[in-house]
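Trainee: My structure is below; once you've seen it, I'll send some questions.
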Amino acid sequence: MLEKFNSDIITSMKEKDQFRLTVLRMVKGAMQLESINNKKEVNDELLIESVSKQIKLRNDSITEFEKAGRMDLVETNKKEIAILQEYLPRQLSDSELDKIIDDVFKVVQPTSAKDMGLIMREITPQVKGKVDMKIVSDKIKNKLDSIA
């Protein structure tokens, strides 16, 4: 994945695709900053983590831009997200996510909402980068509410 990312930066430069190049360079800068600050190795996992953070930032921006009526900026952010999603693993479907959550519930056997941390600790390695963690959190909260 990292090799594809780096070769896409070079391809974007050759094709003079400034928009794509700018988005990819932002991710590369975020990866390098994370690598330096937290002494992490630049690898596929760091790429996925950085891309996920960039998508989350843009989704938050879209919400704010919609409130302000700036549809031009909403469209720009959506285009950036489309480029970023190319560097994430295949996203899980709702049914796949529900099955993983059910499996984790069988292992952890939560009794109340206080067990949220245990569940998240168990499920995060299985779904990280494959689905928006806010969706995971919401689904788990709903399931915990039905237990209580």
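The values are calculated or read from the model by the stated rules, or taken from the named source; none is laboratory data. Everything numeric here is computed off the predicted structure, so don't read it as measured data. Using ideal geometry, Cβ is built from the backbone for each residue, glycine included, and neighbour counts are taken over all protein chains shown.
Trainee: Return yes when Pro125 is out of contact with any Pro (no Cβ under 7 Å at 6 or more places or on another chain) and surrounded by 13 or more Cβ atoms within 10 Å (Cβ to Cβ) and no when it is not.
Mentor: Answer is no for this residue.
Trainee: Among the residues of segment 91-133, how many are among the basic types (Lys, Arg) and either free of Cβ contacts under 8 Å to residues at least 24 places away in the same chain or touching a helix residue (DSSP H, G or I) at 6+ places or on another chain (Cβ under 6 Å) (or both)?
Mentor: 4
Trainee: Among the residues of segment 102-148, write down those that are β-branched (Val, Ile, Thr), closer than 26 Å to Asp60 by Cβ and in a helix (DSSP H, G or I).
Mentor: Ile119, Ile123, Thr124, Val127, Ile135, Val136, Ile140
Trainee: Would a scan of segment 85-94 turn up a residue that is aliphatic (A, V, I, L, M) and within 17 Å of Asp132 (Cβ to Cβ)?
Mentor: Scanning segment 85-94 turns up at least one residue that is aliphatic (A, V, I, L, M) and within 17 Å of Asp132 (Cβ to Cβ).
Trainee: Can you name the residue in segment 1-45 that is part of a loop (DSSP other than H, G, I, E, B) and of a type outside the set (Val, Ile, Thr) and is also farthest from Tyr87 (Cα to Cα) among such residues?
Mentor: Lys39
Trainee: If I filter segment 87-101 down to residues being assigned to a helix (DSSP H, G or I) and loosely packed, with under 12 Cβ neighbours inside 10 Å, which single residue comes out as farthest from the chain's Cα centre (by Cα)?
Mentor: Here the answer is Ser95.
Trainee: With the structure loaded, tell me whether Ser35 is within 28 Å of Lys4 (Cα to Cα), surrounded by 16 or more Cβ atoms within 10 Å (Cβ to Cβ) and of a type in the set (S, T, N, Q) or whether it fails that test.
Mentor: no
Trainee: Quick check on Asp72: is it within 30 Å of Ser146 (Cα to Cα) and either in a helix (DSSP H, G or I) or among the acidic types (Asp, Glu) (or both)?
Mentor: No: the conditions fail for Asp72.
Trainee: Quick check on segment 59-66. Is at least one of its residues at pLDDT below 90, surrounded by 12 or more Cβ atoms within 10 Å (Cβ to Cβ) and either assigned to a helix (DSSP H, G or I) or out of contact with any Ser or Thr (no Cβ under 9 Å at 6 or more places or on another chain) (or both)?
Mentor: Taking every residue of segment 59-66 in turn, none turns out to be at pLDDT below 90, surrounded by 12 or more Cβ atoms within 10 Å (Cβ to Cβ) and either assigned to a helix (DSSP H, G or I) or out of contact with any Ser or Thr (no Cβ under 9 Å at 6 or more places or on another chain) (or both).
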